[in-house]
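Novice: Take a look at this one; I'll ask things after.
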Amino acid sequence: MRTIRVHLGKRSYPIYIGSRLLGQTGRIVRSLSLGDCAYIVTNARIKRRYGRALATSLQRSKVTVAWALVGDTEQSKSLAQAARLITGILKNCRSRRVFIVALGGGVIGDLAGFVAAVYKRGVPYIQIPTTLLAQVDSSIGGKTALDLPVGKNLIGVFYQPRLVICDTNAITSLPLRQIIAGMAEIIKYAVICDPIFFKFLEKKYPQILAKDQGTLAQVVSRCASIKARIVERDEQETRGLRTILNFGHTLGHAIETAGGYRRLNHGEAVALGMVMAVDIGVRLRMMPKGEAIRIERLLKSCGATVQMRGVSLSKVLRAYVHDKKFVGRKNKFVLLRGIGKAVVRENIPLGLIADVVRGRS
Ligand SMILES: NC(=O)c1ccc[n+]([C@@H]2O[C@H](COP(=O)([O-])OP(=O)(O)OC[C@H]3O[C@@H](n4cnc5c(N)ncnc54)[C@H](O)[C@@H]3O)[C@@H](O)[C@H]2O)c1
Ligand SMILES: [Zn+2]
């Protein structure tokens with residue numbers, strides 16, 4: 001088992017990474033004295049596969065278990081679902097010391113984290129991410145979020161988990177499409193700050209796609225450690241450092257919104273957003289063409305789509321202008337000067353952005 005610590009003073013927490021860690025959850029939770037009633041937020045599919053191992057481990061450590069099942073789509077990140085979960089806590093764990101367990105992908109992590117943050121002004125929660133994307137990204141850093149019909153992640157607070165358990169064994173049941181989505185975020189870490197990791201990925205991506213447990217543990221650890229170091233320096237994205245994690249997300253979110261959150265998943269949209277951000281860098285002569293080609297080649301080799309299909313260009317541009325990263329009339333973009341060198345630039349001409357999006361349509 002590998003351990004990475006997120007150092008945030010009193011809000012510090014460990015991330016444990018390894019195969020078959022689910023069965024150790026009870027022991028770890030006990031050692032942290034998180035509470036005696038685990039309110040586990042998950043969906044039916046994940047409960048069927050991993051519920052028993054988790055519940056048994058918790059119950060062996062004298063922790064009572066209550067389940068809250070939510071739907072299996074982005075639509076679950078809603079205020080109505082949050083209210084339903086809170087009512088469920090009151091019903092099932094009222095007289096006990098409750099802590100919340102997010103067992104699932106980023107949707108469940110964002111929703112359960114939000115509920116933990118607001119229920120009685122905050123109860124402990126732990127993340128047990130079961131998608132590759134959630135293991136390398138969304139379970140770490142304390143961003144919680146709900147969507148509104150008008151846009152994604154519009155409601156949310158920063159609220160750190162007390163523990164993250166990344167069981168690479170959970171990835172074995174993950175469909176290839178979700179693995180590819182996770183690969184997009186993994187490649188993001190490499191291109192923003194770690195050229196050696198990028199070379200590693202160029203060599204080892206087939207093992208990741210094949211869900212090799214050792215390689216997965218290596219990759220999840222590297223990404224978790226990059227994210228932890230960035231979050232430690234800029235927990236609430238006020239110092240501009242955490243912003244580089246948004247590489248590929250400015251246009252990525254616009255693409256996700258334009259597709260109604262159904263056509264493309266988060267990772268697929270981010271892959272497209274990244275090639276577009278790379279295109280902008282090349283057009284501005286900020287980055288060498290050869291490095292742009294390497295990034296696109298790696299994304300394609302991993303199965304990511306680098307050409308936007310089935311999403312309307314005008315919808316993407318409209319969603320982009322409404323994005324929360326578009327402050328006043330100024331826009332902000334994370335671009336690359338090369339692999340491993342992310343920079344934040346403002347005022348990228350709208351005409352250039354439209355051109356680049358058109359070029360990928
Ligand atoms: N909070 C953050 O910092 C942050 C960062 C990135 C993304 N996000 C959010 O995360 C969400 C995307 O997360 P995601 O990509 O994990 O998607 P997801 O949570 O929708 O999960 C994708 C699919 O995989 C299934 N699944 C999950 N684990 C499985 C397993 N082990 N085996 C088989 N199927 C499994 C789910 O049921 C679902 O159908 C978005 O809402 C995005 O906004 C948040
Ligand atoms: Zn993301």
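Novice: Using just the Cα positions, wrap segment 29-188 in a convex hull and report its mean projected area in square nanometres, one decimal place.
Specialist: Orientation-averaged projected area of the Cα hull: 9.0 nm².
Novice: Moving to a separate point now. Report Rg (one decimal) and Dmax (nearest whole number) for segment 235-344, counting Cα atoms only, units Å.
Specialist: Answer for segment 235-344, Rg first and Dmax second: 13.7, 38 Å.
Novice: When only C-alpha pairs under 8 Å and at least 6 residues apart count, what is the relative contact order of the chain, in percent?
Specialist: 15 percent
Novice: Now a separate question. Could you give the radius of gyration (one decimal) and Dmax (whole number) of the Cα atoms in segment 258-307, in Å?
Specialist: Rg then Dmax for segment 258-307, in Å: 11.8, 35.
Novice: Note down, for segment 159-203, the three equivalent ellipsoid semi-axes (square root of 5 times each alpha carbon gyration tensor eigenvalue), biggest first, whole angstrom.
Specialist: Value: 22, 17, 10 Å, ordered largest first.
Novice: Using only the Cα atoms of the chain, construct the convex hull and provide its projected area averaged over every direction, in square nanometres to one decimal.
Specialist: That works out to 16.3 nm², a quarter of the Cα hull's surface.
Novice: Can you give me the P(r) profile for segment 107-258? Cα pairs, bins 5 angstrom wide beginning at 0, each as a whole percent.
Specialist: Calculated P(r), rounded to whole percents: 2, 9, 17, 22, 21, 17, 9, 3, 1, 0.
Novice: What's the exposure ranking of MET286, MET276, going from fewest to most Cβ atoms within 10 Å?
Specialist: Arranged by neighbour count, lowest to highest, MET286, MET276 become MET286, MET276.
Novice: Local charge sum around ARG294 (other residues, Cβ-Cβ under 12 Å, Lys/Arg +1, Asp/Glu -1)?
Specialist: Spelling it out: positives minus negatives among the neighbours equals +1.
Novice: Show that you can apply the helix-only estimate: for the chain, add -39,500 (n - 2.57) for every DSSP H stretch of four or more residues, divide by all residues, and state [θ] at 222 nm to the nearest 500.
Specialist: Counting only the DSSP helices, I get -14000 deg cm²/dmol.
Novice: Additional query: What percent antiparallel are the DSSP beta bridges of the chain, to the nearest 5?
Specialist: So the antiparallel bridges in the chain amount to around 40 percent.
Coordinate-derived values only; no laboratory data. Just so it is clear, the structure is predicted and the values come from calculations on it, not from any experiment. Glycine gets a Cβ as well: all are built from the backbone with ideal geometry, and neighbour counts include every protein chain shown.
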